[in-house]
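To keep things clear, I will list the structure first and then write my remarks on it.
The values are calculated or read from the model by the stated rules, or taken from the named source; none is laboratory data. Bear in mind the structure is a predicted one, so any value in this text is a computation, not a measurement. In this analysis, Cβ positions are derived from the backbone assuming ideal geometry, glycine residues included, and neighbour counts consider all displayed protein chains. All accessible areas refer to the heavy atoms of the entire protein, side chains included, with ligands and DNA or RNA removed. Shrake-Rupley method; radii C 1.70, N 1.55, O 1.52, S 1.80 Å.
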Amino acid sequence: MITPLSPASKAIPTESQTAPTLLKDNPMTTITASPTPSVQDSSVIKTKRSSTGKVRTRNVIQSEWIKFWSVRSNYLTLLAAGFATVAFGMIFSAVASDGQAPGPAAFLTNPVDVALGGVGLAEMIIGVVGVMVVASEYSTGLIRTSFATVGRRGRVIRAKVAVVGSSVFAVAGVAVTAAVIAGQAVYAGTEATVPVTDVLDVIFGTTYYLTGIALIGVALGFILRSTAAGIGTLVGAVFIGPNLLNLLPDSITDYFLKYLPSEAGSAILTQVTTPDQLSLGAGYLVFTAWVVGLLACAGALVQRRDA
Amino acid sequence: MIQVTDLTKAYGETLAVDQLNFTIKPGIVTGFLGPNGAGKSTTMRMILGLDAPTSGSATVGGRPLAEHDQPLKSLGFLLEAGAVHPTRSAHDHLRALAVTNGISTARVDHVLQLVGLSEVAKRRSGGFSLGMGQRLGIAAALLGDPEVVMLDEPVNGLDPEGILWIRHLLQNLANEGRTVFVSSHLMSEMELMAEHFVIIGQGRLIQDISAPDLRAMAAGDSTTVRADRLDDLVGLMQNDGVEITSTDRSTVSVKGVTPDQIGRLARDGGIALHSLVPEQRSLEDVFMSLTADSVQYHGSAPLEMAA
């Protein structure tokens, strides 16, 4: 559509005080924006000053909440992770109930672990959400606005942790519980079921693990400031790396492999632990240390670097 | 008021900003000019507390911006027009910024109306044109009804109507007693907008000058004369220290005699003057010659023209 020239635009060369009035009387249409109101109408510029106060962490969390839930891909991706958890759990359970092992033999021995087979995919999706929430602000330049408007940068990190953490915890908690129930229902045809109340520790552990992975994603986003680098590092170092290291002789890997985030995490999301893994308590401790440590590292870098 | 004192920013060996000193006063629009790479954006990022100065300081109302209780209410800013998540709506974007500083949703609607984006406020901002992005950035800058407004290249991508609009907007903000600091690399954009100019090149201050003083610099020392009996007039003007060059048969360019004197000589000699034009360089020319030495990236031809 060709935008017709209004008299207002013809008034441009004259520096007269009447130009804004012309603008007001003859609203100019920009391509899709609405008519520009006159700036002479200073009541529009000066609205009553809103309450004075300070920027509080609560305000910043509110802001991050709006940001997180106003981007459709965030909640669609979270829902996809939840869906993957339940759907793959059901598929694995169906396969397992036919007596076929979808993975290592030990996996089959516990119907709950089978029902949570989809977590392996969900954790990648959720980790990517964590990276994206931060890295997208760096790629658009929005991070500068975020930092400058709240003054202290630590608040932005804490608020993102609070929002991503609570959102992922809620979605993952529901999805993991649903996966256990649905997987068992599929599995029930051939084997006895385990009541949900008996595996609350696994449900909590898995939810805790997924939340932690999302927060590792957040930390990597702040540390690497790029979507590609963040996702690459997350997938490479956290998910694929340990599997490659597994190919090394046990005499080498025994000492450190179990302390990596994914391996420490595996100790808290299964009922059947192998001697290679950390104990449940140590698993929580080491995994939490990774999450907190990476976030602390992100915080220190963000404070020191130019935004 | 913005105060910059001995502000310096070094990136390795390169000095992006070199011992800058200036004060931006309230009540007028101040243009911040310099060629690309002169250090304008770096200076603005330091004023915002995003980049840490290597030495020196930048304050807003006497304190670093990050120390203000609610920074958006002290200084509104536009850094990059595209600094919005593309799938987030303009309304959600502004709401997320507003809540950090305790600014109401009503104010969000006000500024959207002010910049003419009300009708597209709920649409994804990724579909915005460059000009609409600028308007959204300006809306964000006005959110906190701030005493100081700082805009980096706000005219980029605006159509003539938009440029006229922003000129009146900024002048109104200044008339309300606010401090308005606007950067551009084009003098032609700024000369109708600003009452004062801070001109930098290669990070150094070149001029901190009022608009009238800058115009005085643009005044040349020659006068172009067209007259009936040109040869007779040339004879009358001929004197020590007077330099007369003939442009064509009926035009001469005169140095060393003021237009007033030429007019009187012509009257005394009974010669009819056709035109008497004091040489006036454009502010663009003045700006180009001021910054010619500090242009970082240039083609050879334009430099010759400027010199």
Looking for something farther than 22 Å from B:THR30 by Cβ, within 14 Å of chain A (Cβ to nearest Cβ) and not basic (Lys, Arg) - is there at least one such residue anywhere in region B:217-237?
no
Kindly indicate whether any position in region A:240-252 is assigned to a loop (DSSP other than H, G, I, E, B), of a type in the set (D, E, K, R), open to solvent by 20 Å² or more (accessible area, probe 1.4 Å) and farther than 30 Å from A:THR177 by Cβ.
no
Among the residues of region B:1-16 satisfying the criterion of being open to solvent by less than 20 Å² (accessible area, probe 1.4 Å) and within 20 Å of B:PHE77 (Cα to Cα), which is farthest from the chain's Cα centre (by Cα)?
B:LEU7
Which residue is most open to solvent (accessible area, probe 1.4 Å), if the candidates are limited to region B:164-212 and must be within 12 Å of the chain's Cα centre (by Cα) and of a type in the set (Asp, Glu)?
B:GLU195
State yes or no: is A:MET132 crowded, with 19+ Cβ neighbours inside 10 Å, away from chain B (no Cβ under 14 Å) and either modelled with pLDDT of 90 or more or assigned to a helix (DSSP H, G or I) (or both)?
no
Index of the failed condition, B:PHE128 passing every other in (1) touching a Ser or Thr at 6+ places or on another chain (Cβ under 7 Å); (2) open to solvent by 10 Å² or more (accessible area, probe 1.4 Å); (3) in contact (Cβ under 8 Å) with a residue 12 or more places away in the chain
(1)
Out of everything in region B:148-163 that is part of a loop (DSSP other than H, G, I, E, B) and within 11 Å of chain A (Cβ to nearest Cβ), what residue ends up being surrounded by the most Cβ atoms within 10 Å (Cβ to Cβ)?
B:LEU158
Does region A:114-129 contain at least one residue that is assigned to a helix (DSSP H, G or I), over 21 Å from A:GLU263 (Cβ atoms) and modelled with pLDDT of 95 or more?
yes
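Return yes or no: is B:GLY102 within 9 Å of chain A (Cβ to nearest Cβ), within 23 Å of the chain's Cα centre (by Cα) and either open to solvent by 10 Å² or more (accessible area, probe 1.4 Å) or of a type in the set (Phe, Trp, Tyr) (or both)?
On the way: within 9 Å of chain A (Cβ to nearest Cβ): yes; within 23 Å of the chain's Cα centre (by Cα): no; either open to solvent by 10 Å² or more (accessible area, probe 1.4 Å) or of a type in the set (Phe, Trp, Tyr) (or both): yes.
No, not satisfied.
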Condition first: closer than 30 Å to A:VAL60 by Cβ, in contact (Cβ under 8 Å) with a residue 40 or more places away in the chain and surrounded by 18 or more Cβ atoms within 10 Å (Cβ to Cβ). Can you find one or more residues in region A:186-196 that meet it?
no
Checking the condition modelled with pLDDT of 95 or more and assigned to a helix (DSSP H, G or I), which residue from A:VAL199, A:VAL180, A:VAL186, A:VAL163 passes?
A:VAL163
Checklist (1) surrounded by fewer than 21 Cβ atoms within 10 Å (Cβ to Cβ); (2) at pLDDT 95 or above; (3) facing chain B (nearest Cβ under 9 Å) applied to A:LYS67, failing item:
(1)
Matching entry among B:ALA38, B:ALA96 (being surrounded by 24 or more Cβ atoms within 10 Å (Cβ to Cβ) and either at positive phi or more than 10 Å from chain A (Cβ to nearest Cβ) (or both))
B:ALA38
Quick one: B:LEU65 ticks every box in (1) buried (at least 22 other Cβ atoms within 10 Å of the Cβ); (2) in contact with a helix residue (DSSP H, G or I) (Cβ under 8 Å, 6 or more places away or on another chain); (3) touching a residue at least 40 places away in the same chain (Cβ under 8 Å) bar one, so which box is it?
(3)
Looking only at region B:41-58, filter to residues that are among the hydroxyl-bearing types (Ser, Thr, Tyr) and buried (at least 17 other Cβ atoms within 10 Å of the Cβ); which one of those is farthest from B:ALA174 (Cα to Cα)?
B:THR42
Can you spot a residue in region B:99-109 that is closer than 26 Å to A:SER63 by Cβ and touching a strand residue (DSSP E or B) at 6+ places or on another chain (Cβ under 6 Å)?
no
May I ask you to say which residue of B:ARG215, B:ARG226 is within 36 Å of the chain's Cα centre (by Cα), surrounded by 13 or more Cβ atoms within 10 Å (Cβ to Cβ) and in a helix (DSSP H, G or I)?
B:ARG215
Answer residue from region B:107-123, given it is facing chain A (nearest Cβ under 7 Å) and small (Gly, Ala, Ser) and is surrounded by the most Cβ atoms within 10 Å (Cβ to Cβ) among those
B:GLY116
Looking at (1) at the interface with chain A (Cβ under 7 Å from one of its Cβ atoms); (2) more than 19 Å from A:VAL156 (Cβ to Cβ); (3) over 28 Å from the mean Cα position of the chain (by Cα); (4) part of a helix (DSSP H, G or I), which is the only condition B:GLY126 fails?
(1)
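Could you tell me which residue of region B:41-70 is farthest from the other protein chains (Cβ to nearest Cβ), considering only residues that are of a type in the set (Gly, Ala, Ser) and closer than 22 Å to B:HIS185 by Cα? Steps first, answer last, please.
Initially, region B:41-70 is screened for residues of a type in the set (Gly, Ala, Ser), giving B:41, B:49, B:52, B:55-58, B:61-62, B:66.
When the remaining residues are screened for being closer than 22 Å to B:HIS185 by Cα, the result is B:41, B:58.
Details: B:SER41: 11, B:ALA58: 12 Å.
Among those that are of a type in the set (Gly, Ala, Ser) and closer than 22 Å to B:HIS185 by Cα, it is B:ALA58.
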Of the residues A:ILE216, A:ILE223, A:ILE268, which is modelled with pLDDT of 85 or more, open to solvent by less than 40 Å² (accessible area, probe 1.4 Å) and outside any helix (DSSP H, G or I)?
A:ILE268
